[in-house]
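Participant: Questions regarding the structure given below will be posed in turn.
The values are calculated or read from the model by the stated rules, or taken from the named source; none is laboratory data. Just so it is clear, the structure is predicted and the values come from calculations on it, not from any experiment. Quick reminder, even Gly has a Cβ in these numbers, built from the backbone with ideal geometry, and neighbours come from all protein chains shown.
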Amino acid sequence: MTRTLITGGAGFIGSHLAEALLARGHHVTIIDDLSTGSLANVQHLIGHERFRFAIETIGNEMVLDRLVSECDVIFHLAAAVGVQLIIQKPVHTIETNIMGTEAVLKAALRYRARVLVASTSEVYGKSERVPYSEANDVVLGPTVRNRWAYAASKMVDEFLALAYQREHGLPVVIFRLFNTVGPRQTGQYGMVIPRFVQQALASQPLTVYGDGTQTRCFCNVVDSVRAIADLAESDEAVGQVFNVGSTEEVTILDLARRTLALVHGQDDAWRDQVTLVPYAEAYAAGFEDMLRRVPDVSKIHQAIGWQPTISLDETLRQVITYYRLQNPSSQNGRLISRQ
Ligand code: UDP
């Protein structure tokens, strides 16, 4: 039984990780300032005898120090997330990501806790060399374009964590999450699947940015947190960087059509209910999207035997069910009459 701390534990991924760790019999403490996380995400865990929750920022050194002193493994997930937030609040993004990680690593070193640091597929930037493997070069755009500030801040996090490992022998593991989806993810920060599902349930056309030929691979959060929890148990993983993602590639236009089909059935009237939104309208000027993003997951497979198991359609069904339960009034009439 391990004493674990999750920074950003009330977020979408953190809350699923908390569940997975509790199910493995561990003690779980989370620290979250509820900036993008929410109490609702962990409400069902409150009262569990092995679960504790500190509503606090990781910028509070005293609180962080105490919580770290009481744990063996830290999962550092607290970060500014989502493309939209990064574009709207660049100072907040850079400061939160870099200073937060620095604070966590410093505290971890005092108590020699193992640290799993969350990074992102964004660090590969706009490299066209897919699939992305951990040793690949990264290709970022110019500093005048905000999007790359997020990637750069996460790269600094990775450099810093690896430096703590090399210079001080701190056991760190870095995982690069590719598009992760599932129940509890909010569309508020731009993420495409919750946005599409909510639009479809509200009988609105789906907003596809650009021409919709860009692709992504969406990994179910349950698969992702299993990878993270397994990495924490592997001594071989220490000092290493791992991709965590699905290899099921889909164009955004196809994703929209699959979402429409799952919500509206084979109703012809809905098959192509998408609105193509030019990037210039969807994001601030100067935004660059990447055309393809596919992980190479052979490294993590070799290290811990992990591979994703849940299909995109199954994940879409889970997200649709989640939003139906959240907001029963958003169910469209046709669908209810079909069931
Ligand atoms: N996207 C879209 N419509 C939306 C939101 C996003 O077409 O309402 C596109 C976005 O331009 C990108 C993809 O969906 O090509 C994934 O976007 P998301 O923000 O979920 O993740 P990203 O991979 O960009 O970090």
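Participant: Test F159 against the criterion of being under 22 Å from I98 (Cα atoms) and not in a helix (DSSP H, G or I), and give yes or no.
Facilitator: No: the conditions fail for F159.
Participant: Let me ask something else. From the set of residues in segment 192-206 that are among the β-branched types (V, I, T) and under 21 Å from I87 (Cβ atoms), which is farthest from the ligand (Cβ to nearest atom)?
Facilitator: I193
Participant: Ok, one more. Starting from segment 114-128, take each residue that is within 15 Å of the ligand (Cβ to nearest atom) and list its partners that are modelled with pLDDT of 95 or more and of a type in the set (S, T, Y), counting only C-beta distances under 7 angstrom and pairs at least six apart or across chains.
Facilitator: From segment 114-128, the pairs are S121/Y132; Y124/Y132.
Participant: Say we look at segment 224-262 and pick out the residues that are away from the ligand (no atom under 12 Å from the Cβ) and assigned to a loop (DSSP other than H, G, I, E, B); which of these is surrounded by the most Cβ atoms within 10 Å (Cβ to Cβ)?
Facilitator: S246
Participant: Can you tell me which residue among Y189, Y209, Y164 is within 12 Å of the ligand (Cβ to nearest atom) and closer than 24 Å to T96 by Cα?
Facilitator: Step by step, each of Y189, Y209, Y164 is checked, and only Y189 is within 12 Å of the ligand (Cβ to nearest atom) and closer than 24 Å to T96 by Cα.
Participant: Looking at segment 22-34 only, could you name the residues that are surrounded by 17 or more Cβ atoms within 10 Å (Cβ to Cβ), more than 16 Å from A118 (Cα to Cα) and either modelled with pLDDT under 95 or among the hydrophobic types (A, V, I, L, M, F, W, C) (or both)?
Facilitator: Of everything in segment 22-34, those that are surrounded by 17 or more Cβ atoms within 10 Å (Cβ to Cβ), more than 16 Å from A118 (Cα to Cα) and either modelled with pLDDT under 95 or among the hydrophobic types (A, V, I, L, M, F, W, C) (or both) turn out to be L22, V28.
Participant: When only residues in segment 77-108 that are outside any helix (DSSP H, G or I) and more than 15 Å from the ligand (Cβ to nearest atom) count, which is nearest to I13 (Cα to Cα)?
Facilitator: Per the stated criteria, the residue is L77.
Participant: Related question: Provide a single number: the residues in segment 263-312 that are within 16 Å of the ligand (Cβ to nearest atom) and assigned to a loop (DSSP other than H, G, I, E, B).
Facilitator: 15
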